[in-house]
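Contents: one structure, followed by commentary.
No value in this document is a laboratory result; all are computed from the given coordinates. As the structure is a prediction and not an experimental result, all values here were calculated from the model. Glycine also receives a Cβ, built like all others from the backbone with ideal geometry; neighbour counts cover every protein chain displayed.
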């Protein structure tokens, strides 16, 4: 399963709920405002690091750059471009958007 | 659809009229009247039922409020669609899953819900999500 999150963790509980329900070996991609969750030093960092042992976490590069967060991404979070996002969607049998 | 040879379950993948039956889960995470998500999800659920798909509904986070008994929307002048959940059975949609943690966090109990549901842990619900062919967040 590829989980897709697009809301800031500081405004919505979508990421928290997603991480609580993502099973071992699944993948999570942070896009749009959800990329703020992948920024070092934020309150969401601990939660995300905890999840990194269990699930793969990706963040969409163009959205990180658009928000001025380039180079501030938490270690272990893999930054992908649009092509990488498409590959992830193709690699996983199913996907789920956490609106 | 009638069962063939007394066999139960979704093993008959090929229907003579409609082709493949997929497992669809609608994951409802939003309260009913503040946004249009819940009502729109219900519309799509009913459409999917018309195509004889294997449909289940999950309710978690604020989505559990959709099933609260006693909703009266007259004061806010919008449609009260909560009775529609009781009609789902008539469309052979009987898999309604509610996350226990979400209910408890909101002080709700199973008997305060408008329809019979299966209450389960988040862990169990996550397993059910993994079993699906299509998961639609709403």
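Peptide A:88-96 shows a mean partner chain C-beta count of 3 within 10 Å per residue C-beta. With N as its number of residues, chain B has a Cα radius of gyration that, divided by 2.2 N^0.38 Å, comes to 1.09. Both radii are taken from the alpha-carbon atoms of chain A; with Rh as the Kirkwood radius, Rg/Rh is 0.92. Counting Cβ atoms of other protein chains within 10 Å of each Cβ in B:22-31 and taking the mean gives 2.
Relative contact order of chain B, taken over Cα pairs closer than 8 Å and 6 or more residues apart, is 30 percent. Based on C-alpha pairs under 8 angstrom that are at least 6 apart in sequence, the range A:2-98 has a relative contact order of 34 percent. The label point for residue B:114 and the one for residue A:86, both projected 7 Å from the Cα toward the Cβ, are 4.3 nm apart. When chain B is treated as a Gaussian network with alpha carbon springs shorter than 10 Å, the biggest mean-square fluctuation among B:20, B:98, B:64 belongs to B:20.
Shown for the range B:84-138 is the translational diffusion coefficient from the Stokes-Einstein equation, using the Kirkwood radius over Cα pairs, a temperature of 4 °C and a viscosity of 1.567 mPa s: 104 µm²/s.
Please check: in the Gaussian network model of chain B (C-alpha springs, under 10 Å), which one of B:53, B:112, B:66 has the largest mean-square fluctuation. Among B:53, B:112, B:66, the largest GNM mean-square fluctuation belongs to B:112. Taking only the Cα atoms of the protein assembly as shown, the radius of gyration and Dmax are 19.3, 63 Å. Inter-chain Cβ neighbour count for A:43-50, averaged per residue, equals 0 (cutoff 10 Å, partner chain atoms only). How large is log10 I(q)/I(0) at q = 0.19, 0.31 Å⁻¹ when the Debye formula is applied to the Cα atoms of the range A:21-76, each weighted equally and without solvent? One equal scatterer on each Cα of the range A:21-76 leads to -0.60, -1.33.
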